[in-house]
Amino acid sequence: MIRKYTFGTPLPTGAAVLSLPAETSPLPWFDVSREGEKLRLTLALHPEERLFGLGESVRGINKRGFLYRSWNSDVFSHTESTESLYGSHNFLVFFSPERLFGIYLDDPGLVTWDLGYSRMDTAVITSENGQLDIYLLEENSLTETARAFRRLTGKSYLPPRWAFGYIQSRWGYASEKEIRTVADGHRKQGIPLDGICMDIDYMEAFRNFTWKKDAFPDLKRFCAEMKEEHIRLIPIIDAGIAAEEGYEPYDSGREADAFCRKADGSEFRAAVWPGFCCFPDFLRKDVRRWFGDLYRPLLEAGVEGFWNDMNEPALFYTEERTAAAFSRAEELRGGHADYEALWSLKDAFNGIANNPEDYRSFWQEPEGRRVRHDRVHNLYGAFMTHASAEGFRRFDPGKRFLLFSRSSFIGAHRSGGIWQGDNFSWWSHLKLALQMLPNLNLCGFLYSGCDLGGFGCNVTEDLLERFLQLGVFTPLMRNHSALHTRDQEVYRFSILDLMRNTIRVRYALLPFLYSEFMKAALTDGMYFRPLAFDYPEDPRAVATEDQLMLGEACMIAPVLEQNAAGRYMYLPEEMLMIRFRSPEDYDLLELPPGDHRISLSLGEFPLFVRKNHAVLLCPGGDSSETLNDHDFTALCLADRPVSYDLYRDDGTDPAPLLSEHLTRVSLAPADRVAKIHVVL
Ligand code: GLC
């Protein structure tokens with residue numbers, strides 16, 4: 001049951017697709033109070049209560065024990081004390097033996113989630129705007145709660161099938177020649193590949209919707225050539241439009257009055273990569289249309305996928321903020337600066353970027369209402385995503401496009417996926433990526449993944465290999481790294497053979513993983529789940545923080561520590577362990593329920609399968625398009641006949657019907673642990 005409670009006059013967010021009447025009775029469970037405009041919900045937590053949700057946020061799968069702020073932020077070096085990340089997903093499920101319910105705060109401004117931080121036994125949720133719809137979801141199980149949330153907010157985005165292939169990315173690829181070298185590097189070494197991302201360096205002076213004519217003399221030809229080799233080019237698009245007369249998107253944007261303005265009516269400008277930029281008011285429908293059409297030249301050149309970035313929006317500096325910092329420096333020049341003065345100077349410069357004052361200095365117009373940006377801040381990236389998806393649909397309504405964004409809000413999960421932002425080459429960020437995934441799924445973002453290998457700082461070979469082993473299972477499997485960091489293309493490393501085999505396992509599993517993804521998306525399910533969703537009565541499973549359920553009947557437990565050569569893990573029931581070294585070389589082990597120490601040398605990683613369920617492996621291939629998905633090896637642990645419904649489609653149909661694409665695979669295993677050849 002979903003109930004809606006309205007407080008004041010909520011700002012439109014586009015998150016809910018279900019229109020419900022507002023309840024007249026008070027919101028149950030919470031003590032509701034006001035402090036000025038703010039609305040505060042307080043709730044005593046049960047000792048055993050676990051909290052799932054908040055999508056993209058730091059720390060564990062269970063969100064209890066920290067303070068999180070929903071405030072979309074460009075946070076390059078986030079750590080476990082970072083309160084805000086790139087997206088805001090205000091959905092949280094309370095789960096204890098005494099009660100189960102989910103709460104969604106449909107609020108586009110700052111929301112603070114004090115989840116046992118100020119007091120360990122209390123949750124305090126505060127909305128700064130204080131004008132919002134709150135939805136309460138009460139269902140019989142965690143899985144049903146997740147499903148109900150999707151009923152409320154709409155179906156998850158469907159990427160094209162090729163987007164499940166391996167994607168190579170790096171900030172710095174600046175020409176057709178360099179991209180070709182990367183493509184050849186993979187192909188020559190037999191490393192499967194489906195896409196190469198083009199970061200800002202492909203653009204002319206970092207201006208959106210342009211490309212360097214000397215470095216990419218004929219983009220259409222280049223796209224076609226790469227596509228021949230089954231490799232897609234995936235350019236980046238940033239939110240800000242360079243404020244330069246004569247630059248077409250700026251001129252046409254001005255003509256359409258598309259840019260956000262300050263209170264005095266002047267254009268709001270802040271610097272991002274190209275220098276000073278203007279920011280489209282994506283909350284206006286006409287602006288979304290104008291922006292969505294700007295993708296056209298790239299689409300016409302043959303591009304079928306994009307990543308949208310810097311759309312929190314990230315602001316490097318404004319004139320006002322730099323002036324304030326320099327005047328602080330002037331004040332201190334020559335005189336003796338004690339440490340406090342010196343720190344204030346550092347703070348003044350550090351605070352130039354993404355300054356709250358700047359977010360309060362411009363206005364937007366959602367549905368004809370004039371609203372100061374900070375009150376709707378968290379919608380910015382989401383509506384950029386909608387603008388792009390709407391543009392792609394207008395260009396070609398007959399197919400799916402790849403789209404993933406850095407910033408997001410609930411609702412954007414209908415239009416695109418997200419990547420998990422600028423992580424570092426840290427083991428702790430490998431764990432963070434794993435822990436974030438089920439909560440992203442709970443909030444509707446199924447197509448997701450982290451920068452494999454880590455974006456910032458220098459990766460080590462073993463860390464990249466362990467990242468890839470997680471990436472084998474994430475829908476978005478992209479290796480991405482920052483300018484000036486150690487080269488991170490797989491073919492550059494001494495353990496290339498291990499890495500190649502890991503990626504080849506992804507391709508052997510691709511038809512199966514795609515099937516699991518599509519079934520989850522089309523039935524409002526979750527591709528990744530915390531173990532608690534499948535084993536709610538098992539306290540050990542409920543407390544598990546470093547394993548995930550995948551699809552209908554699988555579980556993953558990657559190695560997350562350096563030099564570990566294995567790990568401890570918990571099996572809630574008897575399962576088959578497939579310990580992969582390559583698509584051809586793996587162990588099949590029947591494991592009883594309970595605690596295990598499994599040995600996993602650097603090139604090995606496990607997939608667990610519940611009894612009487614099957615996993616399908618295909619022979620693999622160099623790309624998703626050249627896979628043989630008729631010839632399978634089914635792996636299972638079974639004491640009776642087993643069946644699996646394999647979802648297959650053309651990989652591009654934007655509105656596929658589940659029932660039309662299922663092929664039943666029926667298996668009659670002769671042994672408990674079986675390996676059966678199937679031709680479909
Ligand atoms: C941002 C993005 C990163 C990208 C860089 C340059 O930091 O998050 O992925 O490589 O900008 O465009």
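The values are calculated or read from the model by the stated rules, or taken from the named source; none is laboratory data. Since this is a predicted model, take the numbers as computed values, not measurements. Because the Cβ atoms are built from the backbone with ideal geometry, glycine has one as well, and the counts that use them run over all protein chains shown. Only protein heavy atoms, including side chains, enter the accessible area calculation; ligands, DNA and RNA are left aside. Shrake-Rupley method; radii C 1.70, N 1.55, O 1.52, S 1.80 Å.
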Look at Val75 and say whether it is more than 16 Å from the ligand (Cβ to nearest atom) and of a type in the set (A, V, I, L, M, F, W, C).
no
Tell me which residues, restricted to segment 282-292, are within 23 Å of the chain's Cα centre (by Cα) and either assigned to a loop (DSSP other than H, G, I, E, B) or of a type in the set (A, V, I, L, M) (or both).
Phe282, Leu283
Could you give me the residue pairs with C-beta distances under 7 Å whose first residue belongs to segment 299-312 and is farther than 13 Å from Ala387 by Cα, whose second residue is open to solvent by 10 Å² or more (accessible area, probe 1.4 Å) and polar (S, T, N, Q) wherever it lies, and which are 6+ apart or on separate chains?
Glu312/Ser73
Residue, nearest to the ligand (Cβ to nearest atom), within segment 461-488, restricted to residues that are among the acidic types (Asp, Glu) and over 27 Å from Phe445 (Cβ atoms)
Asp487
Please work out if Tyr644 is under 25 Å from Ala521 (Cβ atoms) and part of a loop (DSSP other than H, G, I, E, B).
no
Which numbered condition trips up Leu498, out of (1) within 23 Å of His613 (Cα to Cα); (2) open to solvent by 10 Å² or more (accessible area, probe 1.4 Å)?
(1)
How many residues are touching a Pro at 6+ places or on another chain (Cβ under 9 Å), open to solvent by 10 Å² or more (accessible area, probe 1.4 Å) and more than 11 Å from the ligand (Cβ to nearest atom) when one looks only at segment 190-212?
5
For segment 548-555, state whether one or more residues are open to solvent by 50 Å² or more (accessible area, probe 1.4 Å) and either of a type outside the set (D, E, K, R) or at positive phi (or both).
no
Among the residues of segment 330-344, are any open to solvent by less than 40 Å² (accessible area, probe 1.4 Å) and at pLDDT 95 or above?
no
Quick one: would you say Asp649 is over 27 Å from Glu584 (Cβ atoms), under 30 Å from the mean Cα position of the chain (by Cα) and surrounded by fewer than 18 Cβ atoms within 10 Å (Cβ to Cβ)?
yes
Considering only segment 613-620, I want to know if a residue exists there that is open to solvent by less than 50 Å² (accessible area, probe 1.4 Å), among the β-branched types (Val, Ile, Thr) and free of Cβ contacts under 8 Å to residues at least 60 places away in the same chain.
no
Please give the number of the condition Gly240 fails out of (1) closer than 30 Å to Gly190 by Cβ; (2) within 16 Å of the ligand (Cβ to nearest atom).
(1)
Scanning segment 319-357 for residues that are outside any helix (DSSP H, G or I) and touching a Ser or Thr at 6+ places or on another chain (Cβ under 8 Å), which turns out nearest to the ligand (Cβ to nearest atom)?
Asn354
Which condition breaks for Trp29 when tested against (1) assigned to a loop (DSSP other than H, G, I, E, B); (2) without any contact (Cβ under 8 Å) to a residue 60 or more places away in the chain; (3) more than 29 Å from the chain's Cα centre (by Cα)?
(2)
Residues that are within 15 Å of the chain's Cα centre (by Cα) and closer than 26 Å to Ala564 by Cα, at least 1 per element: which helices (runs of 4 or more DSSP H) completely within segment 445-545 meet that?
461-471
With the structure loaded, tell me whether Pro235 is within 16 Å of the ligand (Cβ to nearest atom), crowded, with 18+ Cβ neighbours inside 10 Å and at pLDDT 95 or above or whether it fails that test.
yes
Failed criterion for Glu357 (all others in (1) in contact with a helix residue (DSSP H, G or I) (Cβ under 8 Å, 6 or more places away or on another chain); (2) at pLDDT below 95; (3) open to solvent by 60 Å² or more (accessible area, probe 1.4 Å) hold)
(2)
Of all residues in segment 411-435 being of a type in the set (A, V, I, L, M, F, W, C) and out of contact with any Ser or Thr (no Cβ under 6 Å at 6 or more places or on another chain), which is nearest to the ligand (Cβ to nearest atom)?
Trp419
If Asn458 meets every condition in (1) under 19 Å from Leu85 (Cβ atoms); (2) open to solvent by 10 Å² or more (accessible area, probe 1.4 Å); (3) within 16 Å of the ligand (Cβ to nearest atom) apart from one, which number is that one?
(1)
Any residue at all in segment 36-45 that is within 16 Å of the ligand (Cβ to nearest atom), in contact (Cβ under 8 Å) with a residue 12 or more places away in the chain and in a loop (DSSP other than H, G, I, E, B)?
no
Please find, within segment 139-189, the residue that is farthest from the ligand (Cβ to nearest atom) out of those that are hydrophobic (A, V, I, L, M, F, W, C) and assigned to a loop (DSSP other than H, G, I, E, B).
Leu158
Which pairs do you get when a residue that is in contact (Cβ under 8 Å) with a residue 12 or more places away in the chain, found in segment 668-680, comes within reach of a residue that is of a type in the set (Asp, Glu) and surrounded by 11 or more Cβ atoms within 10 Å (Cβ to Cβ), reach meaning Cβ atoms under 6 angstrom, with the pair 6+ apart or on two chains?
Val673/Glu590; Val679/Asp631
Go through segment 71-121 and give me each residue that's under 30 Å from Leu20 (Cα atoms), touching a residue at least 60 places away in the same chain (Cβ under 8 Å) and open to solvent by 20 Å² or more (accessible area, probe 1.4 Å).
Trp71, Phe95, Arg99, Leu110
